[in-house]
Amino acid sequence: MNAPMLKPQIDLFLQVLATEKGYSAHTLRAYAHDLDEFAVHALRSLPGMAEKGLEALAVSDIDVLTIRGYLGFLHRRNEKSTIARKLSALRSFFRYLVKHRLLDEDPTGTILTPKQIRPVPSYLSVDDMFRLLDQTLADTVLGLRNRALFETLYGSGIRVSELTGLNVFDLDVASGCVRVWGKGGRERIVPVG
């Protein structure tokens, strides 16, 4: 059996992410960019492959040293969070190949994700929030709406995109909770003050 070529497998993988997994267009673009960047780097780094072209690069040509070389290349020009995202795309792709028996072993299996420093999120103090709420006009319909929006954001911690996607029937006044549809279409129940 001939080894499958890398580029067509990347294209099939992206189609699966779009149709079966329901990934957003933004996520698909990021995965496509990351996987294409990796393929070009692998082509250039493997002996004798550069002159053959991307069409000649097989899935079986990739090994753990190719992945490590790519991560070393990324380390010189990217933040750890970017490297982690690109590695995540590679992991998903190679797991897909192993799952579909197009590859015997995942070359990313032994590679660790770079440690990331998680910054403390910025937030408004209670005093700042009260000053913001005092600035909204409570004597108009728009002012009341804006005040409700700010209080919901501050009190529940939901994303702005989640707030704008709410409908009246998502609110359960009796329990003081709201049903929120988050990233990836995930549903969760959030208490609201």
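Hey, does the stretch 39-62 have a residue that's among the basic types (Lys, Arg) and in contact with a helix residue (DSSP H, G or I) (Cβ under 6 Å, 6 or more places away or on another chain)? Don't jump to the end; show me each part of the working.
Going residue by residue through the stretch 39-62, those that are among the basic types (Lys, Arg) are 44, 52.
Still in the list and also in contact with a helix residue (DSSP H, G or I) (Cβ under 6 Å, 6 or more places away or on another chain): none.
So far as the stretch 39-62 goes, no, none of its residues is among the basic types (Lys, Arg) and in contact with a helix residue (DSSP H, G or I) (Cβ under 6 Å, 6 or more places away or on another chain).
Yes/no matrix, rows are residues, columns are (1) surrounded by fewer than 15 Cβ atoms within 10 Å (Cβ to Cβ); (2) of a type in the set (Lys, Arg); (3) modelled with pLDDT of 90 or more; (4) in contact with a Gly (Cβ under 7 Å, 6 or more places away or on another chain):
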site: Glu20; (1), (2), (3), (4): yes, no, no, no
site: His26; (1), (2), (3), (4): yes, no, yes, no
site: Leu54; (1), (2), (3), (4): no, no, no, no
site: Asp63; (1), (2), (3), (4): yes, no, yes, no
site: Phe73; (1), (2), (3), (4): no, no, yes, no
site: Lys86; (1), (2), (3), (4): no, yes, yes, no
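Could you run through the stretch 68-89 and say how many residues are under 24 Å from His26 (Cβ atoms) and touching a helix residue (DSSP H, G or I) at 6+ places or on another chain (Cβ under 6 Å)?
We begin by selecting, within the stretch 68-89, every residue under 24 Å from His26 (Cβ atoms); these are 70-71, 74, 77-89.
Cutting the leftovers down to touching a helix residue (DSSP H, G or I) at 6+ places or on another chain (Cβ under 6 Å) gives us 70, 74, 83, 86, 89.
Counting residues in the stretch 68-89 that are under 24 Å from His26 (Cβ atoms) and touching a helix residue (DSSP H, G or I) at 6+ places or on another chain (Cβ under 6 Å) gives 5.
The values are calculated or read from the model by the stated rules, or taken from the named source; none is laboratory data. Computed from a prediction, not measured in an experiment: that's the story for all the values here. Cβ: placed from backbone, ideal geometry, glycine included. Neighbour counts: every protein chain shown.
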